[in-house]
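Okay, so here's the structure we're looking at.
The values are calculated or read from the model by the stated rules, or taken from the named source; none is laboratory data. As the structure is a prediction and not an experimental result, all values here were calculated from the model. Reconstructed Cβ throughout: ideal geometry from the backbone, glycine too, with neighbour counts over all protein chains shown.
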Amino acid sequence: MINKVGTLLITSLLLAVLVLSVVSVNAFAATGGVTEAEVQQDLVSLRKATVRYLDVNNALADGFVPVSECILNSDGSAGMGIHYMHIGRVVDPSINLLEPELLLYAPTQNGVRLVGVEYFQAIGPANFIPPDAPPPPMLFGREFDGPMFGHEEVMPSHYDFHVWLWVANPNGIFADFNPNVKCP
């Protein structure tokens, strides 16, 4: 028979295990399921570099301009949001971890909300992928997507890479589309 002290001890241990489980799951979700220490540190650095863009006015002041409507995938179940591009970064072929070429904003009732960033490297005209295209760039230990044709008439062929820093993505922090990003 378990006495009151035993019951209290068992209850306390179960509660501690439950709290640790919830904290561990939340910490894992905050990093988008990423477990590599170097990648986690890079994500922290990127958050610090982009926190000022939580206010879209800072993005506009720093040269980012909206270049798309709110983008959804083909079945409407996930979005990318509205792309804000920094043209100076896009025309520079180098990739800098702390200077993404695009910021991704989701529309809200009160304006827009920063949800992620996109890295972009142009490699040629919209409907042409050069046979000598460079290898895909890498960040966070992962290759960019592509090469791919431009998605619009004026967009060059390119490599791109999404990072969902400011809203969780059940498909992964580096997935193209995010079901938690909605368009009106």
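Does the stretch 23-67 hold any residues that are at pLDDT 95 or above and either among the hydroxyl-bearing types (S, T, Y) or not in a helix (DSSP H, G or I) (or both), and which are they?
Matches in the stretch 23-67: S45, T50, Y53, D55, D62, G63, F64, V65, P66, V67.
If you go through the stretch 86-99 one residue at a time, do you hit one that is at pLDDT 95 or above and crowded, with 21+ Cβ neighbours inside 10 Å?
No: the stretch 86-99 contains no residue that is at pLDDT 95 or above and crowded, with 21+ Cβ neighbours inside 10 Å.
Does R113 satisfy the condition of being under 19 Å from Y53 (Cα atoms), surrounded by fewer than 18 Cβ atoms within 10 Å (Cβ to Cβ) and within 17 Å of the chain's Cα centre (by Cα)?
For R113, the condition - under 19 Å from Y53 (Cα atoms), surrounded by fewer than 18 Cβ atoms within 10 Å (Cβ to Cβ) and within 17 Å of the chain's Cα centre (by Cα) - is met.
Quick check on the stretch 68-81. Is at least one of its residues more than 29 Å from T35 (Cβ to Cβ), among the charged types (D, E, K, R) and in a loop (DSSP other than H, G, I, E, B)?
Within the stretch 68-81 (the criterion being more than 29 Å from T35 (Cβ to Cβ), among the charged types (D, E, K, R) and in a loop (DSSP other than H, G, I, E, B)), the answer is yes, since at least one residue qualifies.
Among the residues of the stretch 112-162, which ones are aromatic (F, W, Y) and either assigned to a strand (DSSP E or B) or farther than 18 Å from L102 by Cβ (or both)?
Correct list: Y119, F120, F128, Y159, F161.
Every residue in the stretch 144-184 that is loosely packed, with under 14 Cβ neighbours inside 10 Å and more than 15 Å from the chain's Cα centre (by Cα), please.
Hits for the stretch 144-184 are H151, E152, E153, V154, P184.
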